[in-house]
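Have a look at the structure below, then the notes.
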Amino acid sequence: MDDLVTTKRDGDIAIVTIDNPPVNALGHAMRTELHAALESAKTDNDVHAIVLACAGRTFVAGAEIKEFGSDKALADPNLPGLIALLESIDKPTVAAIHGTALGGGLELSFGCHYRVALAGSKVGLPEINLGLIPGAGGTQRMPRLVGPERALDIILSGKPIPVEAAHKDGVIDAVFEGDLVENAIAFIREKAEGGETVAHIRDRDDKLAGWKDDPNRFDAVIAEKTKKSRGLDAPIAAARAVKATLTMDIDEGQKFEREQFVKLVSGDQSVAQRHIFFAQREATKVPGIGKEVKARTVKKVGVIGAGTMGGGIAMSMANGGYDVAILEMNQEALDKGLDRVSKTYDISVKRGSMNEDAKAKRMARLSGTTTYGDLGDCDLIIEAVFEDIGVKEDVFGKLDKIAKDGAILASNTSYLDVDKIAGFTGRPQDILGTHFFSPANVMKLLEIVRGGKTAPDVIATALEVGKRAGKIPVVVGVCHGFVGNRMLEARSAEAEDLLLEGATPAEVDKAFRDFGWPMGPYQMSDLAGIDIGWRKRQARGERAEIADTLAEQGDFGQKTGKGYYSYEDGRTPVPRSETQDIIERVAGEKGVERRAISDEEILERTLYPMINEGAKILEEGIATRPSDIDVVWVYGYGFPVGKGGPMHWADQHGLSKIVERLEHWGKATGKDVYAVSPLLKMLAGEGKGFADYQKERA
Ligand code: NAI
């Protein structure tokens, strides 16, 4: 025995303590000892009540992810067996929760009569984030505690809930300050002495009663709550399992839950979601930035430009607890920007995701100015002015004069050369790109662009600030568009030709949605504004005939009510005959022969070039590893998480098929985007995937 579980006594109360660092995960060895400890507390006649607690920094944080897919995960004693053992104990039992009780950890506590928690702790069922559902009775016991509707919310959100809120829900019976175990002992002693013990959760059904008469009434709840699950299987499986509490007894329900879990765990989607989960952690490991590189201290952040991005970036920084000074060209623009920030917070307050107090705290961290000198005490200054190298030169020239020594100067540029921007200052070691995504207060991705001369501690600081601001940072190198936008350009290379050759915008968009994207490229253009691409092309002396014709006639998309689609109600895209007329006219002028275009062809001509570009990005060292690219696409561009990102998907799909079709389309169109990357060709030739490439280089 490794003493992963110990039992102590306080009078007639047994305190069973799990001590399996770092997070008391439910590995096989720990389960074995816990089973023995509970069994002996159960049968010991001198024990009249049991406290189940954990040593270290947290209660059981969840399953042992390392055991996933191995025989050990399900070997006896398994988690359902432990919970069943707890439920066979008549003496009052209480789980004492501190830190986080997530997934299997919370399910374990459901075996106890009561759950008490240390203030500030969190509980939750995060399985959905890995494409799974709770697999040890969570879907059966949570509804019995809080009712099926609230249970489904908790399971579908996958978010940890503060125990104070969980107490209101009824998941937690009491919240304590001070010594948790002492309090738990006092709590359970009172129950034992009072002879009052609630029924085990499995035997309660008061929260289900209102639904049980007509379980199908729950279908409307399911439809509403899963409508945004975009082709993912786990949310549907979770909803069905919760509904099972209304139609089956708990043993049948648990069997049903188990079947759903087993199906999901070996399915492509969960494999992909687990890939992204680990990819996100991996992305923070940056070559040359070890633990010995200390981040610089950041307390105050300056933001230049209070437009679309500047406002959102300022909010992210305020959310991260930083003081923020926003600089604009004039008072009017500044007032407008700050007003938009305030209104955006109001929306969160209205939705209930933030209270007035939290809003006030964040607004108090924000200040505005029109004078560069006021940014002299900033530790980090992020520029989000117009995408124009002349404007950037002017701004960085000014920043170089006023910023204090050691201040970090960052650009939010989408495409411009960060090394060139660094050259506008006399301190290139302090310059980098911080590329946020719109809306910057919401989108998780942060591309950290490492310039040729950026100092390691500047990168370390950006990683730390990004994390504190709630972002998922990925470090990338300098090139046109970095990782995300460069691949997006490859994805868009065929956008006009697909239309000219015969596909309609609605057909292309539908093929994208069927793949799992939240929307297709033309819906996206209409939402972002066709004028944005049009202006960019004008600046570069380029032309996209269909898009630019729409833009020239003032059809910018949703904001003007017309674009590729028309928007009679302001939001719903309706195919437009005028767009079709433009397409057919241009096709006629260019002599393009029109034909039916299959969904498969649409995907081949959009996704494959993007994967090819991803391979080139790896060859050039712009991204450190394939899984970093997947993180960029899932968190910055809505690549379907159930497919794990473009590089993971490419592996699943087969690289040799992709190479063969790229060569085919290269011949058919003569376009550069189809010139197959040597890396992609090599991997395909060796029968390998990007995952193999990553493993070999790790
Ligand atoms: P925007 O036009 O909404 O805002 C730019 C703001 O900068 C304006 O409020 C303007 O008054 C201010 N400004 C311009 N020159 C200034 C100066 N010299 N001093 C102080 N303020 C000045 O533009 P947006 O969309 O916020 O873009 C800003 C930057 O972020 C650009 O480099 C863009 O490429 C990049 N970006 C934009 C994204 C988007 O989706 N809009 C996404 C990611 C990056």
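Readers should treat all values here as calculations from the given coordinates under stated rules, not as data from a laboratory. All values reported here derive from a predicted model rather than from experimental measurement. Cβ sites come from the backbone with ideal geometry, for glycine too, and all protein chains shown count toward neighbours.
Taking the Kirkwood radius as the inverse of the mean 1/r across Cα pairs, report the Rg/Rh of region 226-356.
Rounded to two decimals, Rg/Rh equals 1.17.
Per residue, the convex hull spanned by the Cα atoms of region 605-697 amounts to 90 cubic angstrom.
Helix 577-590 and the long axis of the chain differ in direction by around 50°, with both axes built from C-alpha atoms. Annotation: amide H-H contacts under 5 Å for Val475 (H modelled 1.01 Å from N, sequence separation of 5 or more, or interchain): Ile448.
All alpha carbon pair distances within the chain were sorted into 10 Å bins beginning at 0; the resulting P(r) in whole percents reads 3, 13, 20, 23, 20, 13, 6, 2, 0, 0.
Using θ = phi - 60° in the Karplus curve 6.51 cos²θ - 1.76 cosθ + 1.60, the 3J(HN,Hα) couplings for region 362-377 round to 5, 4, 5, 7, 9, 9, x, 7, 10, 10, 4, x, 5, 9, x, 9 Hz; x is entered for Gly and Pro. Across the options Phe256, Val286, Ala306, the greatest Cα extent toward the positive end of the charge dipole of region 215-356 (unit charges at beta carbon of Lys, Arg, Asp, Glu) belongs to Val286. Amide H contacts for Ile382 (H built 1.01 Å from N in the peptide plane; partners 5 or more residues away or on another chain; cut-off under 5 Å): Gly302, Val303, Ile304, Ala410.
Measuring max minus min along each principal axis, the C-alpha atoms of region 5-265 give extents of 53, 40, 32 Å (largest first).
Any chance you could give the angle, 0 to 90 degrees and rounded to 10, that helix 505-515 forms with the longest Cα principal axis of the chain? Approximately 30 degrees, to the nearest ten. Charged neighbours of Glu282, selected by a Cβ distance under 14 Å, balance to +4 (K, R count +1; D, E count -1).
Among residues other than Ser367 with Cβ under 9 Å from its Cβ, the summed charge is -1 (Lys and Arg +1, Asp and Glu -1). Counting Cα-Cα pairs of region 300-482 in 10 Å increments starting at 0 gives whole-percent bin shares of 10, 41, 37, 11, 1. Relative to the dominant Cα principal axis of the chain, helix 599-619 is inclined by about 90°. When region 5-265 is described by a simple charge dipole with +1 on each Lys and Arg Cβ and -1 on each Asp and Glu Cβ, the residue from Gly135, Leu145, Ala49 located farthest towards its positive end is Gly135.
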